[in-house]
Amino acid sequence: MEVYEKINLYLRDKKMSKKEFAQKLIQLDVKLKNTGNIPSENTIYAYLNGRIGIRVELIPYIAEVLNIPEQFLFDDSDRARKIFLTQIIKSMTTKEKEFLKSSICTVEESAQKKDRDRFYNIQDLLVYAPEMFLEKLESVLTGYKDLTLKFK
């Protein structure tokens with residue numbers, strides 16, 4: 001698959017029109033090395049239709065507009081993605097590791113956090129409960145605990 005075809009696939013995936021893409025690319029103020037000019041909207045359409053070969057200096061900007069790594073414009077197969085990730089992991093900064101850790105949150109971890117937040121919220125509200133309610137709550141919770149331990 002040609003690069004311009006990949007770009008068009010990403011445009012469809014992101015529900016971005018060619019016009020919107022061209023405008024965003026122009027806004028980045030990309031100057032072509034051979035002319036020193038910003039490519040026109042018509043030139044960008046020609047790139048997207050495969051009538052003109054895409055200039056290599058545009059690749060980083062195209063990837064930026066599409067919000068993808070440049071590599072994905074050439075090969076986004078599982079094999080290529082794995083190689084790409086391996087290279088990133090080898091040279092990852094501490095800041096990038098922290099970002100990755102914070103971005104990867106399993107559904108289970110998310111549910112545990114939600115449960116923890118709920119527990120702390122209830123704990124904070126208990127100071128407003130009357131003593132009679134607290135005694136009954138303690139009794140009910142002890143019953144649930146005993147029942148749970150019985151079936152484990």
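Of the residues making up the range 17-31, just one is of a type in the set (Lys, Arg) and in a loop (DSSP other than H, G, I, E, B), namely Lys31. Quick one: is Tyr61 of a type in the set (Phe, Trp, Tyr), within 30 Å of Leu25 (Cα to Cα) and modelled with pLDDT of 85 or more? Considered against the rule, which asks whether it is of a type in the set (Phe, Trp, Tyr), within 30 Å of Leu25 (Cα to Cα) and modelled with pLDDT of 85 or more, Tyr61 comes out as yes.
Would you confirm, using the coordinates I've provided, whether Ile38 is under 13 Å from Ile59 (Cα atoms) and out of contact with any Phe, Trp or Tyr (no Cβ under 7 Å at 6 or more places or on another chain)?
Numbers: under 13 Å from Ile59 (Cα atoms): no; out of contact with any Phe, Trp or Tyr (no Cβ under 7 Å at 6 or more places or on another chain): yes.
Taking the combined requirement at face value, the residue does not satisfy it.
What do you reckon, is Glu64 touching a Lys or Arg at 6+ places or on another chain (Cβ under 9 Å) and surrounded by fewer than 16 Cβ atoms within 10 Å (Cβ to Cβ)? The answer is yes for Glu64.
Without any contact (Cβ under 8 Å) to a residue 12 or more places away in the chain, surrounded by fewer than 11 Cβ atoms within 10 Å (Cβ to Cβ) and among the aromatic types (Phe, Trp, Tyr), is that true of Phe99?
Details: without any contact (Cβ under 8 Å) to a residue 12 or more places away in the chain: yes; surrounded by fewer than 11 Cβ atoms within 10 Å (Cβ to Cβ): no; among the aromatic types (Phe, Trp, Tyr): yes.
It is false that Phe99 is without any contact (Cβ under 8 Å) to a residue 12 or more places away in the chain, surrounded by fewer than 11 Cβ atoms within 10 Å (Cβ to Cβ) and among the aromatic types (Phe, Trp, Tyr).
The C-beta contact set for the range 1-26 (first residue on the phi > 0 side of the Ramachandran plot and in the same structural domain as Ile44 (by TED's automatic domain parsing), second residue assigned to a helix (DSSP H, G or I) and modelled with pLDDT of 95 or more, distance under 7 angstrom, 6+ apart or interchain) is empty.
Within the range 60-83, the set of residues being touching a residue at least 40 places away in the same chain (Cβ under 8 Å) and under 18 Å from Pro39 (Cβ atoms) comprises Ile62, Val65, Leu66, Leu73.
The values are calculated or read from the model by the stated rules, or taken from the named source; none is laboratory data. The model shown is predicted, which means the values in this text are computed figures rather than measured ones. All Cβ positions, even for glycine, are placed from backbone atoms using ideal geometry, and neighbour counts span all protein chains on display.
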